[in-house]
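Input: a single structure, listed below in structure tokens.
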Amino acid sequence: MFCIDLDNNFREYCLSLIIEPWFDRAVLIVILVNCVTLALEDPLKTKVSTAHKGFEWFFMVFYTVEMLLKMFAKGVLLEPNSYLRDWWNILDFMIVMVSWISMVSNKISYTNLRIIRVLRTLRTITAMPSVASLVKSLLRLIPAMGNMVLLFSMIVILFSTIAV
């Protein structure tokens with residue numbers, strides 16, 4: 001970051017926090033609790049309970065603090081290993097920003113807010129490296145899957161032509 005040197009005490013403290021194993025565990029636990037609260041919520045209800053609103057604010061503040069700690073520790077964009085140079089962190093950043101916009105704005109309906117809240121469960125991808133590598137592998141397989149679908153379609157057309 002331009003305003004904070006690499007050897008700044010606050011930046012070193014943030015870095016020491018995010019590299020601790022308990023930090024990742026705490027983030028994962030909060031993500032799982034968020035998933036449970038989303039599962040317990042009735043989507044057909046138009047009125048939201050105060051408990052759910054309280055949980056939503058807690059999750060928003062927690063995710064924002066996590067994002068800011070990582071930004072202070074790693075830098076935002078211009079440094080080699082900065083926060084926004086990783087695609088998964090960009091996903092986290094977008095989810096947090098859209099969630100804040102939807103929470104603060106009165107023009108967005110509660111149904112749209114639920115959709116955005118469901119996107120927060122994607123944060124498990126960044127919290128668990130094994131899941132991230134699995135998703136990357138699946139994304140790399142998509143072109144090959146397209147070739148397989150094309151081959152399967154040609155075989156179906158060939159056999160249907162022979163059958164007629």
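The values are calculated or read from the model by the stated rules, or taken from the named source; none is laboratory data. Remember, it's a predicted structure, so these values are computed and weren't measured experimentally. Reconstructed Cβ throughout: ideal geometry from the backbone, glycine too, with neighbour counts over all protein chains shown.
Among residues of region 28-40 that are surrounded by 13 or more Cβ atoms within 10 Å (Cβ to Cβ), those with a Cβ under 9 angstrom from a residue that is not in a helix (DSSP H, G or I), sequence gap 6+ or separate chain, pair up as Leu28/Met128.
Quick check: is even one residue across region 57-66 part of a helix (DSSP H, G or I) and modelled with pLDDT under 80? Looking for residues that are part of a helix (DSSP H, G or I) and modelled with pLDDT under 80, one finds none in region 57-66, hence no. The single condition from (1) at pLDDT below 80; (2) surrounded by fewer than 17 Cβ atoms within 10 Å (Cβ to Cβ) that Arg117 fails is (2).
Quick one: would you say Tyr63 is within 17 Å of the chain's Cα centre (by Cα) and among the hydroxyl-bearing types (Ser, Thr, Tyr)?
Details: within 17 Å of the chain's Cα centre (by Cα): yes; among the hydroxyl-bearing types (Ser, Thr, Tyr): yes.
Yes; evaluated as a whole, the condition is true for this residue.
Return yes when Ser99 is surrounded by 10 or more Cβ atoms within 10 Å (Cβ to Cβ) and at pLDDT below 80 and no when it is not. Here the answer is yes, as Ser99 does meet what is asked.
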